[in-house]
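**Student:** What follows is a single structure, and I will ask about it in a moment.
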Amino acid sequence: MAAFELERLSNYDDQSLINELKRVAELVSSDKLSRSDFNRLSKVHASTLHNRFGNWRKALAAAGLEDRFDDRTDMWSRDEIIGQLQAIARSTGKAYVTLNELGTQIGITQRPIRRIFGSYRAALEAAGLYQSLGGVRYTDEECFENLLTVWTALGRQPFYSDLSKPPSKVGPKAYVGRWGSWRKALQAFVERTNQDTSHEEPAEQTPEIKTYVHASPKRTSRNIPLGLRYKIFSRDCFRCVLCGQSPATSTPPIKLHVDHAIPWSRGGETVEENLRTLCEPCNLVKGARLE
């Protein structure tokens, strides 16, 4: 009768890991020892060897098996790559992982990334992460739009950590890298919103919505500036004025829009008195009707 054996190693020191690598190598008949073959036969996962020795090739070299490293391909699976990206993000506390970090810490190269995901950005998105400012040059406007999206979804001023989670698509360090600190980034956002909270209007114009219905020619653009959108969302307490729903309390979160009460196509102007917050369903139902 065969002796009972532990399904996992009893020790995880360097020598025990090397001995396990050698043991598995003797069981694999092919010239190359892949991570998948190792995981199938080993009492320890290949990622443990990655973390201990730097990468799979260095682990093989430590066991005197570097000649069994397959440098023609990288046999990482989609789930393994996603898991490693998320593990690095958790350990570093960042909303993104650089390709250099992935290669240095785990040993994953661009080859399996391109083969499985098509691009590194797609791999990050699959893992629920975002590319850093060093990889994607966000404009100030993109950063402000992202901040407005998060602010609206939460119904409050975002914290630094909120930028690491959806619906944010720009990580918090991008803001620190751009403005020097999170506080300065928020201040820049406030200054930006204060610059375009309204359009210039003729002195004789009255605040009555009905005065805009047949106004001609147009005095304002159809596009609603970021600062004015923030002002309307804030005024309406980040809730739809028709159904009362808000992204912060609805499941799944609904999306808010700033709507022209009197449609711009029917004479309504882009001014605070003619703007209101609607959720996406209510806005789609309303269309260009007058209400």
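**Student:** Just checking, how many residues over the range 215-238 are without any contact (Cβ under 8 Å) to a residue 60 or more places away in the chain, under 26 Å from LEU186 (Cα atoms) and in a loop (DSSP other than H, G, I, E, B)?
**Tutor:** 4
**Student:** Right, something else. Going by the conditions given, is ILE81 under 27 Å from LEU163 (Cβ atoms) and at pLDDT 85 or above?
**Tutor:** yes
**Student:** With respect to CYS279, determine if the residue is crowded, with 19+ Cβ neighbours inside 10 Å, at pLDDT 90 or above and not assigned by TED's automatic domain parsing to the domain that holds PRO158.
**Tutor:** Considered against the rule, which asks whether it is crowded, with 19+ Cβ neighbours inside 10 Å, at pLDDT 90 or above and not assigned by TED's automatic domain parsing to the domain that holds PRO158, CYS279 comes out as yes.
**Student:** Then there is this: Just name the residue that is modelled with the lowest pLDDT out of those in the range 35-60 that are crowded, with 19+ Cβ neighbours inside 10 Å and assigned to a loop (DSSP other than H, G, I, E, B).
**Tutor:** ASN55
**Student:** Within the set of pairs 6 or more residues apart or between chains, which connect a residue that is under 16 Å from ILE108 (Cα atoms) inside the range 38-50 to a residue that is among the basic types (Lys, Arg) and crowded, with 20+ Cβ neighbours inside 10 Å with Cβ atoms less than 7 Å apart?
**Tutor:** Going by the 7 Å Cβ cut-off, the qualifying pairs are ALA46/ARG35.
**Student:** Moving on. Please go through the range 61-87 and give me each residue that is under 25 Å from PRO172 (Cα atoms), among the hydrophobic types (A, V, I, L, M, F, W, C) and surrounded by 20 or more Cβ atoms within 10 Å (Cβ to Cβ), ordered by number.
**Tutor:** Within the range 61-87, ILE81, LEU85 qualify.
The values are calculated or read from the model by the stated rules, or taken from the named source; none is laboratory data. Predicted model, so just to flag it, every value in this text is computed and none were measured. All Cβ positions, glycine included, derive from the backbone under ideal geometry; neighbour counts span all protein chains shown.
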